[in-house]
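Enquirer: Sharing a structure, written as structure tokens. Questions coming.
The values are calculated or read from the model by the stated rules, or taken from the named source; none is laboratory data. Note that the structure is a prediction, hence the values are computed from the model and not measured. Backbone-built Cβ (ideal geometry, glycine too); neighbour counts: all protein chains shown. With ligands, DNA and RNA removed, areas are computed over all heavy atoms of the protein, side chains included. Shrake-Rupley method; radii C 1.70, N 1.55, O 1.52, S 1.80 Å.
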Amino acid sequence: MSNVGPYRPFELGGADLREAVKRYTSNPLYLDNEEWENDDNPYRRQLRPQVVEHLDFDRVLGRDEILDYENLAAQRILTTIYETDLVFFPKSGLSDPAKWADFTNFYSSSNRVLGEMVRPALERHVFGFLDTEVEVSGKWTKDSLEAFLRTLEDRPQEPSKPESAIRNSSDPERAARMWLIQFAPDFLSEASPMIRNALGYYGEAQSEWFKVIIDEYGYGVHDTKHSKLFERTLESVGLRTDVHHYWQYYLSSSLMMNNYFHYLGKNHELFFRYLGALYYTETTLVDFCRRADELLRHVFPGTVDTQYFTEHVHIDQHHGRMALEKIILPVVEACGEAVIPEIVRGFEEFQVIAEIADEDFARQIAWMDGGPRNKELHAPVWEAIQSGRVSAPVAHIVEPHGELSNTHCHNGDELCHIVSGTMRFVSGFNSFQILEAGEGTVINRNRLHGAIIESDECVYEIHSVGDYEKCLS
Amino acid sequence: MLVLSFAVSGAGNCVTVEDMPYVYARSRLGSFVLPARCPHRGGPLHLATVEPDRARLVCPWHERASSVRRALSSGVPVVRNGNRATAVFPHDAGTPHHLTHRPLSADLAGKTLEDRS
Ligand code: FES
């Protein structure tokens, strides 16, 4: 055989990666929106290409940085890349030439290839920390795996942080809507990541896998398809159901939860991790849905449609056991014990991510509820800056009427100070403060927010104070 | 089988099952469940060192050496998630056990391979 030279695996880093991410995100579909919400156009997603060149995606984010802006940016991009494998239509159809153009652009080879080029680096950037968070060793056997996984069945399930945050919120309805919005990227295209593993030829487990999918898809009766049930939940509390209508209100960790399954499903070398993660979600889902049903009926008495959740209580009861007995154990039988560490790893990794998401959402609700207090905190922090006690980098900004800062977050606390004009400062769905000249607000690290200018012009300053509490003493 | 969770470091990092104490050891070659009592004369293996140039764990009492690679591949099956280790012991479910604290040597409380690379 002639010498073909060494195989060179694909790698993209440094300036090439930066350039490639810029190129992908500068697609007109991904530019900033002039509105807070997308209007029946599943192809439009705000990726804020104007800032990506300041972000270093060429490294692994640590656990303590995982809610920083880099993760939000990368998760938004990954969601977009993964979803070019999914079919979406606007509810109003494609006869509007602008929507047809967006449809062909979104699914074009160009958009897909540019996304594929940056995907591995972005996945490493946001999921790489799991390599250090979770470690598996020792001699695993089918029996020890089964004993390990079955302990989940007896683990007491308590209300999660988001559930408590909603119950204790100063505006439980707003908090509950924000919560439902977080599920939309997952529930409206439910089971799509799972279907990635339905293709191929791998024995009996494949057919068992397919059964789980059939359940999620309501046995082909559209009115019972889970996404349809979830649409009814959204509608019953006055929310829209068009795909990514609320894109700007997704937290990075909500996208991360959904992207994690796409990541495992897209990269089949991670197939076995998917098994572990699937077992975890299927086993805990029943209790979660029972509590969600109760919580939503408590917050929206008499009006909310919770069939999505009650249906899961009936249908998914057996999915955990099915996943273990019909999929996981037969796969171990067929593939050998070498695959077990990966199954265990997926089981634990998903819990790491779920914990991050729970914490993130609870903090966001506290941040939304804390709007008036954060506005009050402007005075002492501004005083510290003015008196020279605190010096922090400052950005001076002038914006015209209607200018909308698409939602984002910062990696440290900031102070927003209005010099002239009026700003509507938005800290979540239906959550805002009006800031006039001389006023402002503290902006907490990692908290999602955006703003729109309501006066003819607004002059304001952003002081990067790092830790606002240090300004108070 | 007996599935137990215990701390990787700090309070409760040692689980004793049927009189044998176990800790979660993090060596430069990887992490594993370590029976903390030396089979020779009961020396404190949680204070063992790892030979700088070989993958061997050395007991501080009479310098008996054992293979780290063997512990990694054939030890008690375990997963670490942050500061929590969950291990599956061959004992019957329900076997009594209790948690205590044991200090670890620098070589066993240290950074993992990934942290160092
Ligand atoms: S007790 Fe460990 S070598 Fe003797």
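Enquirer: Between A:E153 and A:A366, what is the spin-label point distance in nm, taking each point 7 Å from the Cα along the Cα→C-beta axis?
Expert: 3.7
Enquirer: Between the range A:79-109 and the range A:1-34, how many Å separate their Cα centres?
Expert: Their Cα centres are 22 Å away from one another.
Enquirer: Right, something else. Taking amide H positions as placed 1.01 Å from N in the peptide plane, with prolines and chain starts having none, which residues 5 or more places from A:L448, or on another chain, fall under 5 Å of its amide H?
Expert: Amide H to amide H, under 5 Å and 5 or more residues apart or across chains, A:L448 pairs with nothing.
Enquirer: Considering the convex hull of the alpha carbon atoms of the range B:26-117, report its projected area averaged over all viewing directions, in nm², one decimal.
Expert: 6.7
Enquirer: Can you tell me which lysines have their Cα less than 16 Å from the Cα of A:K211? Leave out same-chain residues fewer than eight positions away.
Expert: Those lysines meeting the cut-off are A:K225, A:K326.
Enquirer: Cross-link partners among aspartates and glutamates for A:K228, C-alpha distance below 15 Å, same-chain residues fewer than 8 apart left out?
Expert: A:D186, A:E190, A:D215, A:E216, A:D242, A:D305, A:E311
Enquirer: Please work out the Cα center distance from the range A:228-257 to the range A:268-294, rounded to the nearest Å.
Expert: Value for the Cα centre distance between the two parts: 20 Å.
Enquirer: Sticking with this structure for a sec: Ignore the peptide's own chain and count Cβ atoms of other chains within 10 Å of each Cβ in A:139-149; give me the average, rounded.
Expert: Averaged over the peptide's residues, the number is 5.
Enquirer: Within a 10 angstrom radius of each residue's Cβ in A:347-356, how many Cβ atoms of other chains show up on average? Whole number is fine.
Expert: Average per residue, whole number: 2.
Enquirer: In Å³ and rounded to a whole number, note down the convex hull volume per residue for the Cα atoms of the range A:14-127.
Expert: Hull volume over Cα atoms, normalised by residue count, gives 105 Å³.
Enquirer: Could you work out how far apart the two model spin labels at B:E51 and A:S455 are, taking each label as a point 7 Å from the Cα in the direction of the beta carbon, and quote it in nm?
Expert: The answer from the label model is 7.6 nm.
Enquirer: From other protein chains only, count the Cβ atoms within 10 Å of every residue's Cβ in B:13-21, then give the mean.
Expert: Mean partner-chain Cβ count within 10 Å for B:13-21: 0.
Enquirer: Suppose each label sits 7 Å from its Cα in the direction of the beta carbon; what would the A:A395-A:K139 distance come out to in nanometres?
Expert: Result for the modelled spin labels: 5.8 nm.
Enquirer: Between A:E383 and A:E403, what length in nm is gained on full extension when 0.36 nm per residue of separation is reduced by their alpha carbon distance?
Expert: 4.4 nm
Enquirer: To make sure I understand the rule: partners must be lysines, Cα under 26 Å from the Cα of A:K470, and not fewer than 8 residues away in the same chain. Which ones qualify?
Expert: Here the lysines satisfying the reach criterion relative to A:K470 are A:K375.
Enquirer: Can you give the angle from 0 to 90° between the axis of helix A:252-266 and the longest principal axis of chain A, with both taken from C-alpha atoms, to the nearest 10?
Expert: The helix A:252-266 is inclined about 30 degrees to chain A.
Enquirer: As a test of reading the structure, rank A:S110, A:S420 by solvent-accessible area (1.4 Å probe, protein chains only), most first.
Expert: So, going from the largest accessible area down, we get A:S110, A:S420.
Enquirer: Alpha carbon centre of the range A:119-140 versus the range A:433-472: separation in Å?
Expert: That distance is 36 Å.
Enquirer: Quickly estimate the mean residue ellipticity at 222 nm for the protein assembly as shown, helices only: each DSSP H run with n ≥ 4 gives -39500 (n - 2.57), and the total goes over all residues, rounded to 500.
Expert: -13000 deg cm²/dmol
Enquirer: For A:N168 and A:Y219 in one chain, what is 0.36 nm times their gap in residues minus the Cα-Cα distance, to one decimal in nm?
Expert: Working: separation 51, 0.36 × 51 = 18.36 nm, distance 3.83 nm.
Value of the extension gain: 14.5 nm.
Enquirer: Shifting gears a bit: Express the C-alpha Rg of the range A:134-369 as a ratio against the empirical globular expectation 2.2 N^0.38 Å, rounded to two decimals.
Expert: It is 1.02.
Enquirer: Taking every pair of Cα atoms in the protein assembly as shown, average 1/r, invert it to obtain the Kirkwood radius, and report Rg/Rh to two decimals.
Expert: 0.99
Enquirer: For A:E204 and A:V237 in the same chain, what is the full-extension length gain: residue separation times 0.36 nm, less their Cα-Cα distance, in nm?
Expert: 7.7 nm
Enquirer: Okay, moving on. Suppose R0 equals 25 Å; then what is the FRET efficiency for A:R63 and B:S5 from their Cβ-Cβ distance, rounded to the nearest 0.05?
Expert: 0.80
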